Amino acid sequence: MSELKPQVYKDERPAEYFDQFHAAARKGVGWTYALVRLVISLPTLLIYRTRAIGVENVPKTGALILAPNHFSQMDHFFVGLYLRRHVRFMAKSQMFGPPVLTYIYKHGGVFPVRRGHRDEESIKTAFTILDQGGMLLVYAEGGRSRSGELGEVKPGIGRIALESGAPVVPVAIHGSAKVRSWKRLRFPKVTVQFGEPLNFPTEEGPDRERQLEVATELFAPVREMYSELATRNGR
């Protein structure tokens, strides 16, 4: 097994650099979203044989939070493949920088979380999207699990769920942990399962303990669905 590269957890770039991405995400998505979706959909279907279960559990309108597990940078494509609604999502700030990818992120509904800082601007963008009746994807683990197993939840998604009052759809993604095996010409089969929406009464200013409690509660169905998929698909 090759060694994992160390992750950089603090982004030293000034907060002002990221304002442009928050402003764009708050406006919505442009043609870039549709183009990237078109280009990515075919290989996602053919190479990774992606299938979805429980798409009917995703409301067709209204503010909504998707809460999937996270193994791969392809996960947002896997989640959005069978959904007609636009998916806007938080991404670590280190992803923003390379010109072409940054352009896609900026005009495709992606906004940054400035790693290593208390980034209230990202929370503000999340609430703006939900206030607009949009669909927001937030990785409950706060980042990619690099162990091949589900990680521990972070309180952030609990805060967003509680303060916004938006329903949360738990999402289990199975198979994406091995996406990088394409370098060895091995292409895992990916299954995405959408659980039933969870609703939490709106709370103003919940403390960290309460945020983590809700984050743990909403991730419990993800763990259950993932375990069932792992058993069914033979890991």
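The values are calculated or read from the model by the stated rules, or taken from the named source; none is laboratory data. Quantities reported herein were computed from a predicted structural model and do not represent experimental measurements. Cβ coordinates were reconstructed from backbone atoms using ideal geometry, including for glycine residues, and neighbour counts include every protein chain displayed. Surface accessibility is based on the protein's heavy atoms, side chains included, excluding ligands, DNA and RNA. Shrake-Rupley method; radii C 1.70, N 1.55, O 1.52, S 1.80 Å.
Looking only at residues of the range 57-84 that are within 30 Å of Glu12 (Cα to Cα) and part of a loop (DSSP other than H, G, I, E, B), we find that the one that is most open to solvent (accessible area, probe 1.4 Å) is Gln73. Please specify each residue of the range 36-62 satisfying the condition of being over 19 Å from Val192 (Cα atoms) and touching a Gly at 6+ places or on another chain (Cβ under 9 Å). Scanning the range 36-62 gives Val36, Thr61, Gly62.
Scanning the range 85-112 for residues that are aliphatic (A, V, I, L, M) and open to solvent by 40 Å² or more (accessible area, probe 1.4 Å) yields Val100, Leu101, Ile104. Return yes when Ser164 is of a type in the set (Gly, Ala, Ser), within 14 Å of the chain's Cα centre (by Cα) and surrounded by fewer than 22 Cβ atoms within 10 Å (Cβ to Cβ) and no when it is not. Answer is no for this residue. With respect to Pro201, determine if the residue is open to solvent by 60 Å² or more (accessible area, probe 1.4 Å) and not in a helix (DSSP H, G or I). For Pro201, the condition - open to solvent by 60 Å² or more (accessible area, probe 1.4 Å) and not in a helix (DSSP H, G or I) - is met. Of everything listed in (1) open to solvent by less than 10 Å² (accessible area, probe 1.4 Å); (2) under 27 Å from Lys27 (Cα atoms), the single unmet condition for Ser176 is (2). Of the listed requirements (1) without any contact (Cβ under 8 Å) to a residue 24 or more places away in the chain; (2) in contact with a Ser or Thr (Cβ under 8 Å, 6 or more places away or on another chain), Phe96 misses just one: (1).
Yes/no matrix, rows are residues, columns are (1) over 22 Å from Gly62 (Cα atoms); (2) out of contact with any Leu (no Cβ under 9 Å at 6 or more places or on another chain):
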| residue | (1), (2) |
| --- | --- |
| Ile123 | no, yes |
| Ala126 | no, no |
| Gly143 | yes, yes |
| Gly148 | yes, yes |
| Gly151 | yes, yes |
| Gly156 | no, yes |
| Ala172 | no, no |
| Lys178 | yes, yes |
| Leu198 | no, no |
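Contact map, the range 130-143: residues that are free of Cβ contacts under 8 Å to residues at least 60 places away in the same chain paired with residues that are open to solvent by 10 Å² or more (accessible area, probe 1.4 Å), Cβ distance under 6 Å, separation 6+ or inter-chain. Pairs shown: Gly142/Lys154. Look at the range 103-118: where a residue is of a type in the set (Gly, Ala, Ser) and a partner is assigned to a strand (DSSP E or B) and modelled with pLDDT of 90 or more, sitting 6+ places away or on another chain with Cβ atoms under 9 Å, you get Gly108/Arg88; Gly109/Val87; Gly109/Arg88; Gly109/Phe89. Take the residues in the range 39-56 that are open to solvent by less than 40 Å² (accessible area, probe 1.4 Å) and outside any loop (DSSP other than H, G, I, E, B), then tell me which one is modelled with the highest pLDDT. Across the range 39-56, the extreme among qualifying residues is Ala52.
The residues on offer are Glu213, Glu152, Glu209, Glu224, and the sole one that is open to solvent by 10 Å² or more (accessible area, probe 1.4 Å) and outside any helix (DSSP H, G or I) is Glu152.
State whether the residues of the range 197-219 include one that is over 22 Å from Ile123 (Cα atoms) and small (Gly, Ala, Ser). No; the residues of the range 197-219 include none that is over 22 Å from Ile123 (Cα atoms) and small (Gly, Ala, Ser). The single condition from (1) surrounded by fewer than 17 Cβ atoms within 10 Å (Cβ to Cβ); (2) not in a loop (DSSP other than H, G, I, E, B) that Arg118 fails is (2).
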